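Structure, as structure tokens:
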Amino acid sequence: MTDHGPGPGPRPRTARELGIMKGFPPPPEKIPTPWNWDLAPFNRHTFLNVRSFVPTVEVRADAARSRPLPRADAAVDALTFAAHDGSVKTVAQMLAETYTDGFIALSGGRVVAEHYFNEMTPATLHLSQSVAKSVVGILAGVLWGEGLLDPDAPLTDYVPELAGCGYAGATVGHVLDMQSGVRFVEEYADPESDIGQLDIACGWKPAPPHYSGPMTLRDQILGLRQARPHGEVFEYRSIETDVLAWAMERAAGQPLADLLGTRIWGPIGAERDASFTVDRAGTALADGGFNATLRDYARFALMVAAGGRWDGRQIVPEAWIDDIGRCEPGKFLGDYRALAPRGAYRRKWWVMDAEHGDFCARGIFGQMIYVDRKADFVAVKLSTWPDYLIPAFTADALAAMRAIRDVCR
């Protein structure tokens, strides 16, 4: 089921309607710059064309293993759910109003809904933002199963250079669960915050005049300092995933893109090569630079929902997938509980309800993978929101996904 048309209710304008990168050449004001390519409204185009704006490295698929996803298309657009604002909305309204580029839902391993908007197609690679963290967290489980990575081991066992920064004394598990005591300010709108410097270090933004901060991902990591004891509490910090990836690359002796291609992307039969953005040193941005097609994100989600199995083969140890549910809600405090009052964060996944066990991968500007293993249901939403975080959009997307889940059981 492919839908290029609007649903009922207000619909944001597409990149074409906005005139972004349209024309030969496009008007100067419609061309994204190195400073704004990842921001609205330009993200309506750039998130679907990342390789045109920043350097990337390929994550190889294996065409010989690829098979079409089985289908059981269902009429879900008219399904209703209780929206964040107290109104009743349909799935079609949610998709239209929340700047959706691609949406797919699968029940019992079969596609029940698949929609494309904003000129996205089944062949389009879409930036995942922090969904990349969850992909890397699953890859860490493969290395654990191979005996190459130990969550209980000090990070310095793999990257001795970390002894001179805030990660001294932290374990692999601390960064897997974002429980290190390292200070990293994640204020997206502040270019001088740590995350603002990360935009420069990872190669997403040019350095401004007189900038004296880090110019590569690993330079930034080595400059961070400890603010509290490791392991006390969860605090969301993107760079923790880049620290994890550094340890993984050292443990396996391969770059991240090759690891993901050989251990997961090829084995799950991805239709197309994926990609990571890379910094000036060629280091992949593990915390948010991953790009893939909608259906290949769905394949990845199905493999996770199946306990790490795909086509009769154990890709990721089931114990690693099971461990996502062994979370620590007592360390999941403050504003983090607004969307998931009984939630937690474990192995780079947002556990939505620790008792039920459903979990999400989530990225700014509206990227999401939802997994409910008990219901044998997964859904993926790729978006280009006009702002980094819009809690109402997240809540409505989750409610719509659950409405589809409940009808299609």
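In summary, residue 48 fulfils each of the numbered conditions (1) aliphatic (A, V, I, L, M); (2) surrounded by 14 or more Cβ atoms within 10 Å (Cβ to Cβ); (3) touching a strand residue (DSSP E or B) at 6+ places or on another chain (Cβ under 8 Å); (4) farther than 30 Å from residue 203 by Cβ with the single exception of condition (4). Cβ-Cβ distances below 9 Å connect the following pairs, each with a first residue in segment 208-224 that is assigned to a helix (DSSP H, G or I), a second residue that is of a type outside the set (Ser, Thr, Tyr) and surrounded by fewer than 16 Cβ atoms within 10 Å (Cβ to Cβ), and a separation of six or more residues or different chains: 217/281; 218/161; 218/281; 219/281; 221/161; 222/161; 222/164.
Of all residue pairs spaced 6 or more apart or on separate chains, those with beta-carbon atoms under 6 Å, a first member in segment 83-99 that is within 18 Å of residue 379 (Cα to Cα) and part of a loop (DSSP other than H, G, I, E, B) and a second member that is β-branched (Val, Ile, Thr) and at pLDDT 95 or above are 99/384.
So which of 289, 282, 307 ends up being surrounded by fewer than 20 Cβ atoms within 10 Å (Cβ to Cβ), in contact with a helix residue (DSSP H, G or I) (Cβ under 9 Å, 6 or more places away or on another chain) and either at pLDDT below 95 or within 30 Å of residue 65 (Cα to Cα) (or both)? Write out each step before concluding.
Numbers: 289 fails: surrounded by fewer than 20 Cβ atoms within 10 Å (Cβ to Cβ); 282 fails: in contact with a helix residue (DSSP H, G or I) (Cβ under 9 Å, 6 or more places away or on another chain).
Only one candidate qualifies: 307.
Within segment 105-127, being β-branched (Val, Ile, Thr) and buried (at least 22 other Cβ atoms within 10 Å of the Cβ) holds for one residue alone: 112.
Anything in segment 336-355 that is surrounded by fewer than 15 Cβ atoms within 10 Å (Cβ to Cβ) and more than 28 Å from residue 101 (Cα to Cα)? List them, or say none. Of everything in segment 336-355, those that are surrounded by fewer than 15 Cβ atoms within 10 Å (Cβ to Cβ) and more than 28 Å from residue 101 (Cα to Cα) turn out to be 341, 342, 355.
Where strands (runs of 3 or more DSSP E) fall entirely within segment 305-409, those with at least 2 residues that are within 30 Å of residue 44 (Cβ to Cβ) are at 349-351, 359-363, 367-372, 377-383.
Sort through 179, 129 and tell me the only one that's in a loop (DSSP other than H, G, I, E, B) and under 18 Å from the mean Cα position of the chain (by Cα). After ruling out the rest, the residue left standing is 129. Among all positions in segment 247-256, there is at least one residue which is touching a helix residue (DSSP H, G or I) at 6+ places or on another chain (Cβ under 7 Å), part of a loop (DSSP other than H, G, I, E, B), of a type outside the set (Ser, Thr, Tyr) and at negative phi. What about residue 393, is it farther than 30 Å from residue 148 by Cα and either hydroxyl-bearing (Ser, Thr, Tyr) or touching a strand residue (DSSP E or B) at 6+ places or on another chain (Cβ under 8 Å) (or both)? Yes. A single member of 342, 326, 299 is of a type in the set (Lys, Arg) and modelled with pLDDT of 95 or more, and it is 299.
Kindly establish whether residue 64 is over 23 Å from residue 385 (Cα atoms), surrounded by 13 or more Cβ atoms within 10 Å (Cβ to Cβ) and more than 24 Å from the chain's Cα centre (by Cα).
For residue 64, the condition - over 23 Å from residue 385 (Cα atoms), surrounded by 13 or more Cβ atoms within 10 Å (Cβ to Cβ) and more than 24 Å from the chain's Cα centre (by Cα) - is not met.
If only residues of segment 176-202 that are in contact with a strand residue (DSSP E or B) (Cβ under 9 Å, 6 or more places away or on another chain) and not polar (S, T, N, Q) are counted, the one that is surrounded by the fewest Cβ atoms within 10 Å (Cβ to Cβ) is 183. Screening residue 158 on (1) more than 18 Å from the chain's Cα centre (by Cα); (2) within 24 Å of residue 101 (Cβ to Cβ); (3) not polar (S, T, N, Q) shows it passes everything except condition (2). Among the residues of segment 250-277, the ones that are more than 16 Å from the chain's Cα centre (by Cα) and either over 17 Å from residue 140 (Cβ atoms) or basic (Lys, Arg) (or both) come to 8 in all.
With respect to residue 78, is the statement that it is of a type in the set (A, V, I, L, M, F, W, C) and outside any strand (DSSP E or B) true?
Details: of a type in the set (A, V, I, L, M, F, W, C): yes; outside any strand (DSSP E or B): yes.
Answer is yes for this residue.
Going through 331, 348, 374 one at a time, which residue ends up being without any contact (Cβ under 8 Å) to a residue 24 or more places away in the chain and closer than 30 Å to residue 145 by Cα? So that I can check it myself, show each step before the final result.
Details: 331 fails: without any contact (Cβ under 8 Å) to a residue 24 or more places away in the chain; 348 fails: without any contact (Cβ under 8 Å) to a residue 24 or more places away in the chain.
Selected residue: 374, the only one of 331, 348, 374 that is without any contact (Cβ under 8 Å) to a residue 24 or more places away in the chain and closer than 30 Å to residue 145 by Cα.
For beta carbons closer than 9 Å, sequence separation of 6+ or different chains, a first residue in segment 16-38 that is in a helix (DSSP H, G or I) and surrounded by fewer than 17 Cβ atoms within 10 Å (Cβ to Cβ) and a second that is of a type in the set (Asp, Glu) and modelled with pLDDT of 95 or more, the qualifying pairs are 16/119.
The values are calculated or read from the model by the stated rules, or taken from the named source; none is laboratory data. No experiment lies behind these values; they were computed from the predicted model shown. When we count neighbours, we look across all protein chains shown, and the Cβ atoms used for this are built from the backbone with ideal geometry, even at glycine.
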